[in-house]
1. Would you kindly work out the equivalent ellipsoid of the chain from its C-alpha gyration tensor and give its semi-axes, the square roots of five times the eigenvalues, largest first in whole Å?
2. Pairs of Cα atoms under 8 Å, at least six residues apart: use those to get the relative contact order of the chain, whole percent.
3. At 1.4 Å probe size, with no ligands or nucleic acids counted, give the accessible surface of residue 109 in Å², nearest ten.
4. With charges only on Cβ, +1 for K and R and -1 for D and E, what is the dipole size of region 115-222 about its Cα centre, in debye, rounded to 20?
5. In region 1-137, what percent of the accessible surface is made up of carbon and sulfur (1.4 Å probe, ligands and nucleic acids excluded)?
6. So what is Rg over Rh here for region 147-234, counting just Cα atoms and using Kirkwood for Rh?
7. Of 39/167; 166/203; 62/242; 39/166, which sit over 26 Å apart, Cα to Cα?
8. Tell me the per residue accessible area of region 64-200 using a 1.4 Å probe; a whole number in Å² is fine.
Amino acid sequence: MRNAWLTIRALLLWALSGIHFAVVGTVAAVVGLCLDRRKHDWINRGFFRNILRLAGVRFEVKRAPGFDPQRTSVFICNHVNIFDPFVIYSAIPQFVRGFELASHFQIPVYGWLMGRFGNIPVPDVPSRSGLEHMAAHAKAALDSGVSLIAFAEGRRTRDGHVHDFKKGIFNLALRFGAPIVPMSIVGSYEFFRTGDWMLYPGKITIYLHDTIDTSQVARGEVDALRRRVQDIVAVPVEESLKANLPG
């Protein structure tokens, strides 16, 4: 009986959140054509937060004492599922934009929405010119006070664990002297797993860890920085998995 109820519940939640995304997302993008996106960022935040509510998510944000909400930063977090953009945008108390594969901008409707939203295209096939183009967009965003969010694993987890972070985003942060904020998405894997379609009742907690000043980090220390951030992000994720998943 419980399994039947969870299945019906998931179908209803997908329908509600999908309709909301299609209708309100398009309206928000159109409104963005006429209004200053920074001054009216609350519209998008409300839209993103409602997606989570309609999907049945309880939501909490925990900020470390050393997190500086005033500093334009590069937020680096684990990648769980397709709800991650809604989660991180609801949690970060700054005007923030993300990196998105260039091919995603070719997807009907979604690509247009991401373009209007202001995400930075990442080349699907890395090339010197493509990466420099991406870096130029990232620097322009940071210089104008726009924080950036990156999924350093480069792919969604299939087992809930945090996997090795790639160096690219750390090289970029060091190149531009941008502070880094490690960010953990906890409970999202238990709520929805990539490769499945069920939505389970649950709570997602976001940990905004201490801001890391990179101005004194040498380029030769990028691997140590990568490992440090990965370990910080992984701790609450692994503790949650150990407490909530069998085995």
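1. Rounded to whole Å, the semi-axes are 28, 23, 17.
2. For the chain, the relative contact order is 26 percent.
3. We get 90 Å² for residue 109.
4. 240
5. Of all accessible area on region 1-137, carbon and sulfur atoms account for 65 percent.
6. Expressed as Rg/Rh, it is 1.02.
7. Over 26 Å Cα-Cα: 39/167; 166/203; 39/166.
8. 43
The values are calculated or read from the model by the stated rules, or taken from the named source; none is laboratory data. All values derive from a computational prediction rather than experimental measurement. Every residue, glycine among them, receives a Cβ derived from its backbone with ideal geometry; neighbour counts consider all protein chains shown. Only protein heavy atoms, including side chains, enter the accessible area calculation; ligands, DNA and RNA are left aside. Shrake-Rupley method; radii C 1.70, N 1.55, O 1.52, S 1.80 Å.
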